[in-house]
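So the structure is just underneath, and the comments pick up after that.
The values are calculated or read from the model by the stated rules, or taken from the named source; none is laboratory data. Computed from a predicted model, the values in this text were never measured in an experiment. Here Cβ is always computed from backbone atoms with ideal geometry, including for glycine, and neighbour counts include all displayed protein chains. SASA here: full protein model, heavy atoms, side chains in, ligands and nucleic acids out. Shrake-Rupley method; radii C 1.70, N 1.55, O 1.52, S 1.80 Å.
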Amino acid sequence: MAEIMDGKAVSAKVKAQAAEEVARLKEQGIIPGLAVVIVGDDPASRIYVNNKKKACQAVGIYSEEYALPADTSQEELLELVRKLNQEPKIHGILVQSPLPEGLDEAALVETVDPIKDVDAFHAYNVGKIMQGTYSFLPCTPAGVMELLRSSGIEVCGKHCVVIGRSDIVGKPMAMLLLHAHGTVTICHSRTQNLKEICRRADILVSAVGKAGFVTGDMIQPGAVVIDVGMNRDSQGRLCGDVDFGQAEKLASYITPVPGGVGPMTIAMLMKNTVTAAKLQNGIQP
Ligand code: GUN
């Protein structure tokens, strides 16, 4: 039976570290600040944003929420981001994705000042990640790396298979595993022989967004299985991409959903906000 990787416990440690750093910064008169922008009324986004605000409160980070109606124009949004770029109380800016239809997310991301880009979505930060000289890492892949590290799982030399090639998870996840000296295969919807490739993974990361996508016959006995999926099953319950019942019998380590990667994402956002506050005050993170 697989060992469960407890994202709640590991995220609590990361947040406790962030809280200690916030307390030290406050002694120097610096209060890290995060602005969260949410447009429209996507229920999942609302839950994520509420959790981010709660985490800020717990860690001691000042937060502002900008909840805008779905019919907000691109120019209004750009104007808000430009204003937040200039706002000294705000060190991190996060625009919750996805945005309503008709808004240009890419243009918005490029408007966020890279030094306040706590999602690490801006082309400048993406480039720094490619080079391995980053200040910020995207929160979800960074959270996965922290879970692997805290579970004592060695990535060096391992065959890592990432299913999904999104800008938010799949691509940066592959890059971080590569930086950790893994041998990385990226799979996606057009991949041929997906099952065979997954079955050769020592570390399998699924970021597909489909309940029950990863079945037992895709898992090598003893593999580490990381489930980034956040889906609802036929009964409306939160679940990942992996058939947990089948996978836990085969894997050596596995992340549950909920309570695996999800809490790590938020903890890494807290860490990035502290880093942003330090960088903007000339302190080495
Ligand atoms: N939507 C889902 N995950 C994320 C994330 O990490 N950042 C932002 N901004 N939006 C998201």
message: For the structure I just gave you, tell me whether residue 67 is open to solvent by less than 80 Å² (accessible area, probe 1.4 Å) and in a helix (DSSP H, G or I).
response: no
query: Of all the helices (runs of 4 or more DSSP H) wholly in the stretch 193-285, which have at least 2 residues that are without any contact (Cβ under 8 Å) to a residue 60 or more places away in the chain?
result: 194-199, 244-247
- prompt: Which pairs do you get when a residue that is farther than 14 Å from residue 269 by Cα, found in the stretch 139-168, comes within reach of a residue that is open to solvent by 10 Å² or more (accessible area, probe 1.4 Å) and hydroxyl-bearing (Ser, Thr, Tyr), reach meaning Cβ atoms under 6 angstrom, with the pair 6+ apart or on two chains?
  reply: 151/253; 159/183; 161/185
- prompt: Can you pull out the residues in the stretch 52-92 that are farther than 17 Å from residue 105 by Cα and either touching a His at 6+ places or on another chain (Cβ under 8 Å) or of a type in the set (Val, Ile, Thr) (or both)?
  reply: 59, 61, 90
message: Just to check your reading of the model, which residue among 84, 108, 99, 78 is in a loop (DSSP other than H, G, I, E, B) and either farther than 16 Å from residue 169 by Cα or open to solvent by 10 Å² or more (accessible area, probe 1.4 Å) (or both)?
response: 99
query: Got at least one residue in the stretch 167-174 being in contact with a His (Cβ under 7 Å, 6 or more places away or on another chain) and among the aliphatic types (A, V, I, L, M)?
result: no
statement: Residue hits (the stretch 38-73; away from the ligand (no atom under 15 Å from the Cβ) and of a type in the set (Lys, Arg)) are 54
- request: Residue by residue through the stretch 92-140, note down the ones that are over 18 Å from residue 179 (Cα atoms), within 10 Å of the ligand (Cβ to nearest atom) and polar (S, T, N, Q).
  value: 96, 97
- prompt: Restricting attention to the stretch 239-251, does a residue exist that is open to solvent by 40 Å² or more (accessible area, probe 1.4 Å), out of contact with any His (no Cβ under 6 Å at 6 or more places or on another chain) and of a type in the set (A, V, I, L, M)?
  reply: yes
- request: Go through the stretch 181-216 and give me each residue that's farther than 19 Å from residue 253 by Cβ and among the charged types (D, E, K, R).
  value: 190, 195, 196, 210
query: Among the residues of the stretch 138-165, which ones are surrounded by fewer than 18 Cβ atoms within 10 Å (Cβ to Cβ) and hydroxyl-bearing (Ser, Thr, Tyr)?
result: 150, 151
- prompt: residue 1 fails exactly one of the following numbered conditions: (1) in a helix (DSSP H, G or I); (2) farther than 23 Å from residue 276 by Cα. What is the number of that condition?
  reply: (1)
message: Can you confirm whether residue 189 is free of Cβ contacts under 8 Å to residues at least 12 places away in the same chain and either open to solvent by 40 Å² or more (accessible area, probe 1.4 Å) or within 23 Å of the chain's Cα centre (by Cα) (or both)?
response: yes
- prompt: Do we have residue 59 as touching a residue at least 24 places away in the same chain (Cβ under 8 Å) and touching a Gly at 6+ places or on another chain (Cβ under 9 Å) here?
  reply: no
message: For the condition touching a helix residue (DSSP H, G or I) at 6+ places or on another chain (Cβ under 8 Å), within 28 Å of residue 43 (Cβ to Cβ) and surrounded by 24 or more Cβ atoms within 10 Å (Cβ to Cβ), what is the one hit in 226, 168, 219?
response: 226
